[in-house]
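Q: Sharing a structure with you now.
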Protein chains: 2
Amino acid sequence: MEIPESAQKLEVMHLTKVDAGVQLSCQMDDEDVVYGLGEQMRGMNKRGFTYVSDALDDAVHTEDRHSLYGSHNFLILSRKTQPSFGVFVDDPGRVAFDVGETKLNQMVITAGPDCTVYFIEGESLKDIAKQFRRLIGRSYIAPKWAFGYQQSRWGYVNESDVREVVRRHQEQGILLDAVYLDIDYMDNYKDFTVDADKFPDFPGFVNEMKDQGVHLVPIIDAGVKIEEGYPIYEEGVAGGYFCKDEDGEDFVGAVWPGKVHFPDVLNSKARQWFGGKYRWLMEQGIDGFWNDMNEPAIFYSEKNMQKVMDELLALKGKNIDLHGFFHMRDILLGLSNNPEDYKSFYHDMDGVKIRHDKVHNIYGYNMTKAAAEAFDEIAPDKRTLLFSRSSYIGMHRYGGIWTGDNSSWWSHLLLSVQQMPALNMCGILYVGSDIGGFGSDTTEDLLLRWLQFGVFTPLMRNHATLGTRQQEVYQFENVEDFRNMIRIRYGLLPYIYSEYMKAALDDELYFRPLSFDYPEDDHAAKVEDQVMVGESIMAAPVYTQNATGRYVYLPEDMLLVRMKSMENKTCEPMEKGHHYVDVALNELVFFVKKDHALPLAVLDEKIKSTANMEDVSYEWICHGDGPVEYVLYDDDGISKKYVPQKDWKKVIVDK
Amino acid sequence: MEIPESAQKLEVMHLTKVDAGVQLSCQMDDEDVVYGLGEQMRGMNKRGFTYVSDALDDAVHTEDRHSLYGSHNFLILSRKTQPSFGVFVDDPGRVAFDVGETKLNQMVITAGPDCTVYFIEGESLKDIAKQFRRLIGRSYIAPKWAFGYQQSRWGYVNESDVREVVRRHQEQGILLDAVYLDIDYMDNYKDFTVDADKFPDFPGFVNEMKDQGVHLVPIIDAGVKIEEGYPIYEEGVAGGYFCKDEDGEDFVGAVWPGKVHFPDVLNSKARQWFGGKYRWLMEQGIDGFWNDMNEPAIFYSEKNMQKVMDELLALKGKNIDLHGFFHMRDILLGLSNNPEDYKSFYHDMDGVKIRHDKVHNIYGYNMTKAAAEAFDEIAPDKRTLLFSRSSYIGMHRYGGIWTGDNSSWWSHLLLSVQQMPALNMCGILYVGSDIGGFGSDTTEDLLLRWLQFGVFTPLMRNHATLGTRQQEVYQFENVEDFRNMIRIRYGLLPYIYSEYMKAALDDELYFRPLSFDYPEDDHAAKVEDQVMVGESIMAAPVYTQNATGRYVYLPEDMLLVRMKSMENKTCEPMEKGHHYVDVALNELVFFVKKDHALPLAVLDEKIKSTANMEDVSYEWICHGDGPVEYVLYDDDGISKKYVPQKDWKKVIVDK
């Protein structure tokens, strides 16, 4: 890439050519804050670390991890003495953001030679974010039922497992809208199959569940099992729909099903073909999917495994020394998600052959696009739930994400709070973390505290992996506390849905750092553990173990709302400033902005899920000296005809 | 073990027999707090997790880790409505403490059948801790120079590396008392050797450094390299000093030197023999050691490696499926610190043959005891610096510890604050964490914030592993900030040393949770990120990135001390209660209790290390309405004749 002399010094960042491609750099003042980068580790303010867009399936999310599952190359440099700006680096390959790690006050972005860089100026942080969102297109809108409480676990294997989960929620009066099917529902992990032994009448079972208000949401993995007689495999081979190796042979990786080929979802025909396969499940009543393993994760490639085995076998009879031991360990551990493997297969982008590593970060995006494009044909008027593990800027038009395989760590509860606004800036509105933590054993208090933030995330799903402590909420001593928190979610649903829809339809942020709402407040920019949720609420969850309260900063006078249940609720005005707020383990505490209101659904006993909530009436929480206006959005929750802005319902609320 | 009927219900805990041995259990009230357990993960209040005493070398200290390097089976249950008590489970094997993980309000301790359990009642938390300390004996006292600033890194290989480190500190005016020699100083990692190519005149070099005020502190690892002609190996074999396998052969493990035998430090003759080996280094001028890899860490055992290799080789020609892949990975990863290996070798405890796993947790303890007992002979009147990675209750009489292989994570800075009082309760006073973090890349701000807590830890050592970012303080842009912080440490030295000595000589806690000083203050028991340091100071370090301040709780009126340097210092009285306190990145902030004072050394320019500090004069920070008394302890810092309590110097300080 040649950079013209005149362009080498842009107004806001220096552009230089480096071996890897290009480098963009700028100085930051001490007070500057960097927001964005979507699904990444660390704080809302991204300063002090290097973030690398390089989609990676690795479930140990320590604070020194440079890459997660998604690649969201958009950030905003919020500056005090100069205009703030946003920068989007459009590059489907590896991009690194050194945000003051090497030098405290220097940001250096390194991208490939063919990247496109967008600079976005605006009147405010909100405006910059909005302009970026306008650029990248409208966010995906999930069906309303997908805003209900959802239960998942790797380990629900068959009908009776699922029935038991649903029964136990109902028995305890816990509202529930969906149960997830992880990889075990399939016949030997083959995409678009259902194991007939485990689910002898799958459509019947789907309907049985739906009659109880419960949607079943199956997982779809990226890799297609290599197995003679398996139609998807055979069609893929026949159609030339799979990624190819150097020799033009279908590339072989190994994932859950064992050896697989990867659909070339960057090719429009392959994408259409793969997307069309979702139809079979939809025809059986399925109306929601989660796309997984689509970085794509590769446990090992056939070629690399052969090399490793050859190396191991060559050690036969030799005295293994320390060097040999570490080498063995390294090559075996290095098999998974190996960068060399990602350089060893190719896409046919409608005629252009491109090596996978150059476009690695848009694989999951295109798998999800494949599904979404198919849904437009299969169910054109209906919303289908869809979210993905891997993602890239732009995928937000087709589905949401979850934040991947987190752990039952208190630090991951805080992390999820910090990730939400960054993801919203990148257009990803339908999002949540695995509540209670996916890996590792949760505890009763962690799950309950996590739910107290989860009541605000559009995707509110409790999910855990095989072998960890059972973490359905009925597994714990004080089930009542969990029942109440989940019930409060349904009480908040009119607000959450309203605010989500406004954010989606008007390119706004549902979750915002405090400084987006209070740009003049220097302290607001320092707050890392509170977040604005919709137009009225500031959330300030408790995220440390054994805490019975926390410090909260109010950037203006606010109303403290304390809820032990929908029935047990108090409100208390509090003054702008720093406060220590008691929050018992079984209490939800949040704050309402001045001159704002929010609706709560009045829930009667017959309500079991969102399916029964069509005709709810509202009560209101209102914080104003006089009447306050709230714009309430509602619709049927399922059709793609959204209420146009001029018809959004304005409600005048008086205390 | 038979438990008499009458003993099955003790006053404070229920005792029951289980398969593994015995279980002690009790109910906790919501407000109860559990302190102690020494070197463990998570908060000062240990509730909500299961801690396992099972010494383990694993450098990834995530919050779900159940075991670290030390085993400190002492805890205090602090109760509001009933008397608090301490419990010490003396069992050198595996002990598990479920402190409300399974059930929020239940504590269950599981130990082996031969454990001895001590219950300790007392008038207060301080009193319970003190009684326990009286029981276990007086804490180790380090030489005064070991309270200076110390620099370490795995990767200083030879004389010129060390000279360079010292030179660059001096060039930048950074005070320095010691540089560490990690495993590379040895000839092929052989204990009690020095590589003559790297250090052609070791005693000369030791003296050269000492002339500059710098002590060299070499590492000693547990495993002795198997190598014909290596005297330590040959003497060990000849004397029968090594641990034996089932067949009575010397057990073979592999660690850094490759194949090794492990000295049977539980045998008094072997201990005497191994300890005597330190003499050779001491005769060359060495006066400090750190004992490492003494859990003992085992990368693999010869037998287990053979088994694994056989399994791998049996796969030859077979089609490796997913199961095979995971199995290969598991067996290879499972080689290190394998529980079966720990069951496969034996100690000769002066005539009693005992399987290692039964006494696993006292191996490091006894290696350190070996050294300390030898020092008593080699240098009976002089203090020698000694600390260990693995430890057990009682080892505190022989040396200190460092908190092992932490990471450059902000969460580990907070963890180190939380670990300190717990370790003090177990008698371990000479302690510190690897400042800046051992694993992973540090950042300038993390190192600086960590130093701001490190100024208070008796062991103040910057240490990092091979391959990470260079983290000597002169590597960063704002060296002045680091120079100032380290200089402040030397300014605080009279106080730190005084308080350390008082804690050691009078069985007190140098670090205390706030509730130990303020038992009537309910909020003090909730504070997890502040700690009392000696009698006058409350530390409240900043431990989150990009923060320019933090919330601080003052349990009484205190004096805020703000120091950018020894010269730039302000004091400000603050009222009891909650405060948000600004703390710039280059500022140390701490608090002084009411009616307390502390001395600061007046440092002139000629001071390069503690070696030049003999005749310092003092200035005082004082917080009282009238004159305040401070008891100043001082001595020559090196002899083992400590000043008796009646001669401790009382100073009356007036503002």
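Q: Quick one: P(r) of the range A:467-516 from all Cα-Cα pairs, 5 Å bins, percents rounded to integers, in order of increasing distance.
A: Spelled out per bin, shortest first, that is 4, 17, 14, 15, 13, 12, 13, 8, 1.
Q: Could you give the size of the charge dipole of the range A:57-159 about its Cα centre, using +1 on the Cβ of each K and R and -1 on the Cβ of each D and E, expressed in debye and rounded to the nearest 20?
A: Here the range A:57-159 has a charge dipole of around 520 debye.
Q: If you don't mind, there's one more thing I want to ask. Report the percentage of all Cα-Cα pairs in the protein assembly as shown whose separation exceeds 59 Å, rounded to a whole percent.
A: Percent of Cα pairs beyond 59 Å in the protein assembly as shown: 16.
Q: Evaluate the charge dipole of the range A:453-515 about its Cα centre and quote only its size in Debye, nearest 20, assuming +1 on the Cβ of each Lys and Arg and -1 on the Cβ of each Asp and Glu.
A: Dipole magnitude for the range A:453-515 comes out near 100 debye.
Q: Going through the range B:601-655, which GluC sites (Glu not before Pro) have at most 11 other Cβ atoms within 10 Å and a DSSP loop state?
A: Answer in residue order: B:605, B:614.
Q: Between the range B:119-195 and the range A:238-288, what is the separation of their alpha carbon centroids in Å?
A: 58 Å
Q: Order the following by accessible area, largest value first: A:365, A:69. Probe radius 1.4 Å; ligands, DNA and RNA are ignored.
A: The ordering from most to least exposed comes out as A:365, A:69.
Q: With the other protein chains left in place, how much accessible area per residue, in square angstrom, belongs to chain B at a 1.4 angstrom probe?
A: 35 Å²
Q: Do any of A:316/B:225; B:225/B:343; B:190/B:244; A:382/A:608; B:210/B:593 go past 30 Å between their Cα atoms, and which?
A: Exceeds cut-off: B:210/B:593.
Q: Please state the equivalent ellipsoid semi-axes for chain B: what are the square roots of 5 times the Cα gyration tensor eigenvalues, largest first, in whole Å?
A: 38, 32, 24
Q: Here is a follow-up. Would you calculate the separation in nanometres between label points at residue A:311 and residue A:280, each defined as 7 Å from the Cα along the Cα-to-beta-carbon direction?
A: 3.8 nm
Q: If you don't mind, there's one more thing I want to ask. Shortest first and in nm to one decimal, what separations exist between residue A:640 and its copies in the other chains, measuring from label points 7 Å along the Cα-to-beta-carbon line?
A: 8.4
Q: Continuing with the same structure: Can you give the helix-only mean residue ellipticity at 222 nm for chain B, where every DSSP H stretch with n ≥ 4 adds -39500 (n - 2.57) and the sum goes over all residues, rounded to the nearest 500 deg cm²/dmol?
A: Dividing the helical sum by the residues of chain B leaves -7500 deg cm²/dmol.
Q: Using a 1.4 angstrom probe on the protein heavy atoms only, line up B:72, B:596, A:323 by accessible area, largest first.
A: These residues rank, largest area first, as A:323, B:596, B:72.
Q: While we're looking at this one, here's another question. Evaluate E = 1/(1 + (r/R0)^6) for residue A:197 and residue A:645, where r is the Cβ-Cβ distance and R0 equals 60 Å; express this FRET efficiency to the nearest 0.05.
A: 0.75
Q: Same structure again: Are there residues in the range B:555-594 whose accessible area shrinks by at least 30 Å² when all protein chains are included rather than the chain by itself, and which are they (probe 1.4 Å, ligands and nucleic acids not counted)?
A: With the partner chains in place, the range B:555-594 has these residues losing at least 30 Å²: B:578, B:580.
Q: Provide a list, ordered by number, of residues in the range B:267-315 showing at least 50 Å² less accessible area with every protein chain present than when their chain is taken on its own, using a 1.4 Å probe.
A: Buried on complex formation: B:300, B:309, B:313.
Q: Please give the total accessible area that chains B and A bury against each other, computed with a 1.4 Å probe and expressed in Å² to the nearest 100.
A: 5100 Å²
Q: Aspartates and glutamates near residue B:640 by alpha-carbon distance under 15 Å, same-chain residues fewer than 8 away left out - which ones?
A: B:287, B:373, B:376, B:377, B:381
Q: Next question. From the residues B:418, B:458, B:437, which one has its Cα farthest along the dipole of the range B:404-471 in the positive direction, the dipole being from +1 and -1 charges on Cβ of Lys/Arg and Asp/Glu about the Cα centre?
A: Farthest along the dipole direction, towards plus: B:458.
Q: With a 1.4 Å probe and all protein chains left in place, how much of the accessible area of chain A comes from carbon and sulfur atoms, in whole percent?
A: Solvent-exposed carbon and sulfur of chain A make up 47 percent of the total.
Q: Can you give the accessible area of residue A:14 in Å² (nearest 10), computed on protein heavy atoms with a 1.4 Å probe?
A: Its heavy atoms expose roughly 80 Å² to the probe.
Q: When 1/r is averaged over all different Cα pairs and the result inverted, which Kirkwood radius in Å belongs to the range A:352-437?
A: One decimal place: 14.2 Å for the Kirkwood radius.
Q: Now a separate question. Roughly how many Å² of residue B:18 are accessible to a 1.4 Å probe, to the nearest 10?
A: 50 Å²
Q: Let me ask something else about it. Once the label point is placed 7 Å from Cα along Cβ, list for residue B:17 the distances to the corresponding points in the other copies, in nm, shortest first.
A: Label-point distances to the other copies, shortest first: 8.3 nm.
Q: Sort A:655, A:343 from largest to smallest accessible area, using a 1.4 Å probe on the heavy atoms of the protein chains.
A: The ordering from most to least exposed comes out as A:655, A:343.
Q: Same structure, new question: Could you list the residues of the range A:105-121 with an amide nitrogen less than 20 Å from a label point located 7 Å from the Cα of residue A:82 in the Cα-to-C-beta direction?
A: A:105-111, A:117-121
Q: Stretched out fully, how many nm does the piece from residue A:12 to residue A:135 gain, at 0.36 nm a residue minus the Cα gap?
A: 42.3 nm
Q: Per q in 0.18, 0.20, 0.32 1/Å, what log10 I(q)/I(0) does a Debye calculation on the alpha-carbon atoms of the range B:335-382 return?
A: Result of the Debye calculation: -0.67, -0.75, -1.12.
Q: Next question. Which GluC sites (Glu not before Pro) does the range A:214-290 hold that lie in a coil by DSSP with at most 11 other beta carbons within 10 Å?
A: In loop regions of the range A:214-290 (DSSP not H, G, I, E or B), the sparsely surrounded GluC sites (Glu not before Pro) are A:228, A:249, A:283.
Q: Kirkwood Rh over Cα pairs of the range B:14-78 into Stokes-Einstein at 37 °C, 0.692 mPa s: D in µm²/s?
A: Estimated diffusion coefficient is 249 µm²/s.
Q: Rounded to the nearest 5, what % of DSSP beta bridges with both residues in chain B are antiparallel?
A: Expressed as a percentage, antiparallel bridges in chain B total about 80.
Q: Accessible area of residue A:15, 1.4 Å probe, to the nearest 10 Å²?
A: Answer for residue A:15: close to 20 Å² accessible.
Q: Now for a separate question. For the range B:508-548, what's the radius of gyration and Dmax over Cα atoms, in angstrom?
A: Every Cα atom of the range B:508-548 included, Rg and Dmax give 11.4, 36 Å.
Q: Buried by at least 40 Å² relative to the chain on its own: which residues of the range B:530-546 qualify, computing accessible area with a 1.4 Å probe on protein heavy atoms?
A: With the partner chains in place, the range B:530-546 has these residues losing at least 40 Å²: B:545, B:546.
Q: Within straight cross-link reach of residue A:594, meaning Cα distance under 18 Å, which lysines are found once same-chain residues fewer than 8 apart are removed?
A: Those lysines meeting the cut-off are A:576, A:650, A:655.
Q: For residue B:363, what charge total do you get from the other residues with a beta carbon under 10 Å from its beta carbon, if Lys and Arg give +1 and Asp and Glu give -1?
A: That sum, taken over residues with Cβ under 10 Å, equals -2.
Q: To the nearest 20 debye, what charge dipole does the range A:590-655 have about its Cα centre, counting +1 at the Cβ of each Lys and Arg and -1 at the Cβ of each Asp and Glu?
A: 260 debye
The values are calculated or read from the model by the stated rules, or taken from the named source; none is laboratory data. A quick note: this is a predicted structure, and the numbers were derived from the prediction, not measured. We place every Cβ from the backbone using ideal geometry, glycine too, and count neighbours over all the protein chains shown. For accessibility, only protein heavy atoms count, side chains too; no ligands or nucleic acids. Shrake-Rupley method; radii C 1.70, N 1.55, O 1.52, S 1.80 Å.
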